[in-house]
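The values are calculated or read from the model by the stated rules, or taken from the named source; none is laboratory data. Just so it is clear, the structure is predicted and the values come from calculations on it, not from any experiment. When we count neighbours, we look across all protein chains shown, and the Cβ atoms used for this are built from the backbone with ideal geometry, even at glycine. Accessible surface is based on the protein model in full, side chains and every heavy atom, while ligands, DNA and RNA are left aside. Shrake-Rupley method; radii C 1.70, N 1.55, O 1.52, S 1.80 Å.
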Amino acid sequence: MASNLLVLLVLVAFSAFRKADGKLSPEYYSCKCPKASSIVEAEVRAAINKETRIGASLLRLHFHDCFVNGCDASVLLDDTGSFVGEKTANPNKNSLRGFNVVDDIKAKLEKACPGVVSCADILALAARDSTVCLGGPSWKVGLGRRDSVTANMTAANTFIPSPASNLSALVSSFAVQGLSFKNMVALSGSHTIGRARCISFRPRIYTESSIDSSFAKSLQRNCPVSGNDNKLAPLDVRTSTHFDIQYFRNLLNKKGLLHSDQELYNGTSADSLVKKYSTDTTVFFRDFARAMVKMGKIKPLTGSKGEVRINCRKVN
């Protein structure tokens, strides 16, 4: 009887350990690498001081990572002779940026705490720090993710929303990841910073009616009917380097750059949220932070799953 009780207690303890092991915690590195968060923040601020746009790029990296097999840093893996990563998937090719900044952050962390801080956690922290640095909200980042040993180009082509998406496609894309309608609208507000390539918005500025005519004409000067595919335009025509609510105000005036942007305010069920966010910074910041926390929990690798890469670009 006593031995059976002992076995039961061991099993309960093991179960509790495994459950706790699978959870993310802001304090995960408090003992293992207490300066981890401050190192990431300092590197992010330095990078943004050199080029403001990199903040939006780092935020986008986290998004494109989490939407493909979860937040596991798969997006950072380079192609090899026997391996094709996600960097050349249609939503990422000639578009994703910030890999060198991640490399710099990782190098500093490896010097301070070798083999401890995952690349997936770097992406999560850098996204938060970029947002804060550009004037946006802060949130507690759950940590303890591990890095994948593979990538999935097919999933990247399938699950990352297209700039041509209509509202139902956007809702479906986010729902697949366990994110709500409100999460989707709030996270779309990340387009208050950053830029997009001509190829991403050309159809909108030449063929759509749900766009301010003068806004369309101004964009056509740098984005002709053909050519200049990589010419850039700000996602927020007013304050593209400051994280604020101007993005939603632009939508009210039919000045969303991407088709998927304007779909949020085009006589749809998203209109009321867009109106709310366009007048209330506090509510938008709160909902955005909550959505980022939720997104950061998409299928993380924890415990003994995956690995902590020494070089974010390749498996150990």
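Non-local amide H neighbours of LEU301 (under 5 Å, H modeled in plane, Pro and chain starts lacking H): which ones?
Those qualifying (amide H under 5 Å, at least 5 residues apart or on another chain) are ARG146.
Considering amide H positions built from the backbone, and no H for Pro or chain starts, which residues 5 or more places from GLY85, or on another chain, come under 5 Å of its amide H?
ASP79, THR80
Can you pull the one-decimal nm distance between simple spin-label points at LYS50 and ASN311, each 7 Å off the Cα toward Cβ?
Between LYS50 and ASN311, the simple spin-label model gives 1.9 nm.
Could you calculate the contour length gain from GLU27 to SER218, that is, 0.36 nm times the residue separation minus the distance between their Cα atoms, to one decimal place in nm?
Taking GLU27 through SER218 to full extension adds about 63.9 nm, to one decimal.
Taking the Cα centre of each part, how many Å lie between the range 285-316 and the range 106-184?
Result: 6 Å between the Cα centres.
Mind checking which lysines have their C-alpha under 20 Å from LYS314, skipping anything on the same chain fewer than 8 residues away?
Straight-line reach from LYS314, under 20 Å: LYS87, LYS93, LYS106, LYS108, LYS111, LYS305.
Search the structure for amide H atoms under 5 Å from the amide H of LEU143, placed 1.01 Å from N in the peptide plane, and list their residues when 5 or more places away or on another chain.
Counting only residues 5 or more places away or on other chains, the set is SER25, GLU27, TYR28.
Using Cα pairs under 8 angstrom and six or more residues apart, how large is the relative contact order of the chain, in percent?
Contact order relative to length: 25 percent.
Only helical DSSP H runs with n ≥ 4 go in: add -39500 (n - 2.57) per run for the chain, normalise by residue count and round the 222 nm mean residue ellipticity to 500 deg cm²/dmol.
-15000 deg cm²/dmol
At a probe radius of 1.4 Å, what is the per-residue accessible area of THR241, in Å² to the nearest 10?
80
At 0.36 nm per residue, minus the direct Cα-Cα distance, what do ASN100 and VAL116 gain on full extension? Give it in nm, one decimal, please.
Length gained between ASN100 and VAL116: 3.8 nm.
Could you sort ARG238, ARG146 by their accessible area in this structure, using a 1.4 Å probe and putting the largest first?
ARG238, ARG146
From the backbone phi of the range 300-315, what are the Karplus-calculated ³J(HN,Hα) couplings (6.51 cos²θ - 1.76 cosθ + 1.60, θ = phi - 60°) in whole Hz, Gly and Pro given as x?
Those phi angles translate into x, 8, 9, x, 9, 6, x, 7, 9, 5, 7, 10, 5, 8, 8, 6 Hz.
Accessible area of the range 232-299 with a 1.4 Å probe: how many percent of it is carbon plus sulfur?
48
Per residue, what accessible area does the chain have, given a 1.4 Å probe and all protein chains present, in Å²?
For the chain, the solvent-accessible area averages 47 Å² per residue.
At a Förster radius of 41 Å, what calculated FRET efficiency corresponds to the Cβ-Cβ distance of HIS242 and SER82, to the nearest 0.05?
Efficiency for this residue pair is about 0.40.
Filter the chain for me: DSSP H helices, axial length by Cα at least 15 angstrom, mean Kyte-Doolittle hydropathy not below 1.0. List them by residue number.
Once both thresholds are applied, what remains is 2-21, 119-133.
Taking Cα pairs under 8 Å and at least six residues apart, what relative contact order does the range 107-234 come out at, in percent?
Normalised by residue count, the contact order of the range 107-234 is 16 percent.
Could you work out how much longer the chain between ALA175 and ASP229 gets when fully extended? Use 0.36 nm per residue separation minus the Cα distance between them, nm to one decimal.
This chain segment gains 16.4 nm when fully extended.
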